[in-house]
Amino acid sequence: MKKKILTLIILLILTTFAFGCSSDEIEAALEDGVNVLENDGEYDFEFTDRDLDINYDEESATIIELSDEDIDISGSGADYEDSLVTISAEGTYILRGELNNGQILIDAAAEDKIQIVLDNVSINNDDGAAIYVKQADKVFITMSEDSENSLSCNGDIEDDGDTNVDAVVFSKDDLTINGEGSLTISTEYGNGISSKDDLVITSGTYKINVSGRCLEANDRIKIAEGFFMLISGDDGLHCENDEEDTLGYIYIQGGTFDIFAEDDGIHGNLNVTINGGEIVIEDSYEGIEGTTIDLNGGEIYVNSDDDGLNAAGGNDGSNANGPGADMFSADGDAYISITGGSININADGDGIDSNGSLYISGGTTYVSGPTNNGNGALDYNGEAIITSGTVIAAGSSGMSQNFSQGSSQGSMLIYSNGEISGEIDLLDASGNVLASFTPEKMYSSVVISTPDVSEDETYYINMGITSQTVTMEDLIYGGGGMMNPGGKQRP
């Protein structure tokens, strides 16, 4: 690759493996530095040589020159009528030119593998997908080096009679996209790229601006590398399979992502695991959502209108019974686990919301939480255990929660007299700064936990222009919250 892309490793797997795990088993796994979820061979995290291969043989390929006046095809396996180009045989097809109202239809044998090369192509369809894979074994879309390609639909995307075609690029079979060019996708009437099987992306630059989901698949979304600017009227990335327990997961090995989403930035139907890299969710309803969430590394920034991290739904507009229908429901299978990384959350709802339990054993977590008393910087229905790592979570006081008794690292919940703003500093008895964070909004309570907080020691907490002194008579100082005290009651 000519472009050196900042590595982002995000692993999101949907599985039922952890659903039988007790909290004791989860804690033991975290103490041993082992992920709660293990790949037991049922999940495909590999990229084939063909997925990664961006090469093609122009001499043996069929060349398709697109034009509104006429379409010129040099080679076999393709035909056209008006502005509909139909590819019906295995092979490589190089597309060039422009169609203002047309479609590339792949309708081949079920065992055929087809490579489509986009070489400075612009295709718009007034009422359907710009590229529609109706049947093939697997289709590879390759963007030629330095090419600029655009695909769009400027009207309602119509189905084909028996299939709900709902994306600018729609595939009923496995789809791989790669290359050294760029691809712009836009529509106000549906999704960007959708596969009813696997969607694999191994390279390329993508700008997707759609009313629906930017990237969607039924079975798997696997991304090896690439640069992604995703603007979505729904989820940025969404993968869901209601029929197979081991399908419906997202695996991201590398790339850079900038996501603006009306709903979730990244939506995993069951589990979301992030192992490293850098991810920025600029705008979302909920930042990262799954039944369970494992954050093991990387640099993560989330900005959300509701919860920053949400395990097991909660006040989610996608609930069947409407927004808020299960906002106080508990789920014993749900958990959020943070073992490493640098996480910064700015949430108008709960900063970290688990309808089960919360486990933190490493990393640095900062939360600029809600200003309304109906939400909290930390919100959990089970237990919240911290064994290592740094956490400063600032927010409102009405629903505030501290970590639970049983934690092996000290934590304090501090209240202010009314809403304040400004830097939060934790100092030891000698005046040494142990941790600091400046929230992005007003706050009236703060949870602070670092490996330096010990029982029987005295600390000073500066919050804006105010200061408090805390002597840790226990590892958990200050409880509170209307739902779950989490520790001793507020002093």
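The values are calculated or read from the model by the stated rules, or taken from the named source; none is laboratory data. Everything numeric in this text was worked out from a predicted model, so none of it was measured. Here the Cβ is made from the backbone with ideal geometry for all residues, glycine too, and neighbour counts use every protein chain on show.
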ask   = Filter the range 434-443 for residues that are free of Cβ contacts under 8 Å to residues at least 60 places away in the same chain and part of a strand (DSSP E or B); which is farthest from residue 463 (Cα to Cα)?
value = 434
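Criterion first (surrounded by 24 or more Cβ atoms within 10 Å (Cβ to Cβ), among the hydroxyl-bearing types (Ser, Thr, Tyr) and either in contact with a Phe, Trp or Tyr (Cβ under 9 Å, 6 or more places away or on another chain) or on the phi < 0 side of the Ramachandran plot (or both)) does residue 184 satisfy it? Walk me through how you get there before you give the answer.
Numbers: surrounded by 24 or more Cβ atoms within 10 Å (Cβ to Cβ): no; among the hydroxyl-bearing types (Ser, Thr, Tyr): yes; either in contact with a Phe, Trp or Tyr (Cβ under 9 Å, 6 or more places away or on another chain) or on the phi < 0 side of the Ramachandran plot (or both): yes.
The answer is no for residue 184.
Just the residues that are hydroxyl-bearing (Ser, Thr, Tyr) and either more than 17 Å from residue 54 (Cβ to Cβ) or within 19 Å of the chain's Cα centre (by Cα) (or both), please, taken from the range 171-210.
Keep residues of the range 171-210 that are hydroxyl-bearing (Ser, Thr, Tyr), which gives 171, 176, 182, 184, 186-187, 189, 194-195, 202-203, 205-206.
Within the range 171-210, 171, 184, 186, 187, 189, 194, 195, 202, 203, 205, 206 qualify.
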task = Only one of these is among the aromatic types (Phe, Trp, Tyr), closer than 22 Å to residue 287 by Cα and either modelled with pLDDT of 95 or more or not in a loop (DSSP other than H, G, I, E, B) (or both): 415, 460, 366. Name it.
result = 366
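Could you please find all residues in the range 53-70 being more than 14 Å from residue 117 (Cα to Cα) and modelled with pLDDT of 95 or more?
First, the residues of the range 53-70 that are more than 14 Å from residue 117 (Cα to Cα): 67-70.
The one that is more than 14 Å from residue 117 (Cα to Cα) and modelled with pLDDT of 95 or more: 67.
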key: Conditions (1) more than 19 Å from residue 126 (Cα to Cα); (2) surrounded by fewer than 24 Cβ atoms within 10 Å (Cβ to Cβ): number failed by residue 175   = (2)
note = All-but-one check, residue 374 against (1) more than 21 Å from residue 433 (Cβ to Cβ); (2) modelled with pLDDT of 95 or more, failing number (2)
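Residues checked against (1) hydroxyl-bearing (Ser, Thr, Tyr); (2) under 24 Å from the mean Cα position of the chain (by Cα); (3) crowded, with 24+ Cβ neighbours inside 10 Å:
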{"site": "370", "(1), (2), (3)": "no, yes, yes"}
{"site": "381", "(1), (2), (3)": "no, yes, no"}
{"site": "384", "(1), (2), (3)": "no, yes, yes"}
{"site": "394", "(1), (2), (3)": "no, yes, yes"}
{"site": "408", "(1), (2), (3)": "yes, no, no"}
query = If you take the residues of the range 275-312 that are assigned to a loop (DSSP other than H, G, I, E, B) and small (Gly, Ala, Ser), which of them is surrounded by the most Cβ atoms within 10 Å (Cβ to Cβ)?
reply = 308
query = Hey, any hits in the range 353-361 for a residue that's more than 27 Å from the chain's Cα centre (by Cα), in a strand (DSSP E or B) and either in contact (Cβ under 8 Å) with a residue 24 or more places away in the chain or within 23 Å of residue 303 (Cα to Cα) (or both)?
reply = no
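Which residues, taken from the range 256-274, are in a strand (DSSP E or B) and either within 20 Å of residue 190 (Cβ to Cβ) or β-branched (Val, Ile, Thr) (or both)?
Within the range 256-274, 256, 259, 260, 261, 264, 265, 266, 267, 272, 273, 274 qualify.
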ask   = Can you find a residue in the range 209-221 that is buried (at least 24 other Cβ atoms within 10 Å of the Cβ), out of contact with any His (no Cβ under 6 Å at 6 or more places or on another chain), assigned to a loop (DSSP other than H, G, I, E, B) and among the hydroxyl-bearing types (Ser, Thr, Tyr)?
value = no
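For residue 141, indicate whether it is more than 21 Å from residue 115 (Cβ to Cβ), modelled with pLDDT of 95 or more, within 25 Å of the chain's Cα centre (by Cα) and crowded, with 24+ Cβ neighbours inside 10 Å.
On the way: more than 21 Å from residue 115 (Cβ to Cβ): no; modelled with pLDDT of 95 or more: yes; within 25 Å of the chain's Cα centre (by Cα): yes; crowded, with 24+ Cβ neighbours inside 10 Å: yes.
When the stated conditions are applied, residue 141 does not pass them.
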task = Looking for whichever is under 18 Å from residue 201 (Cβ atoms), surrounded by fewer than 24 Cβ atoms within 10 Å (Cβ to Cβ) and in contact (Cβ under 8 Å) with a residue 24 or more places away in the chain here; the options are 231, 259, 266. Which one fits?
result = 231
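Out of all the residues in the range 427-434, is one or more at negative phi and buried (at least 22 other Cβ atoms within 10 Å of the Cβ)?
no
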task = Could you please let me know if residue 146 is modelled with pLDDT under 95 and assigned to a loop (DSSP other than H, G, I, E, B)?
result = no
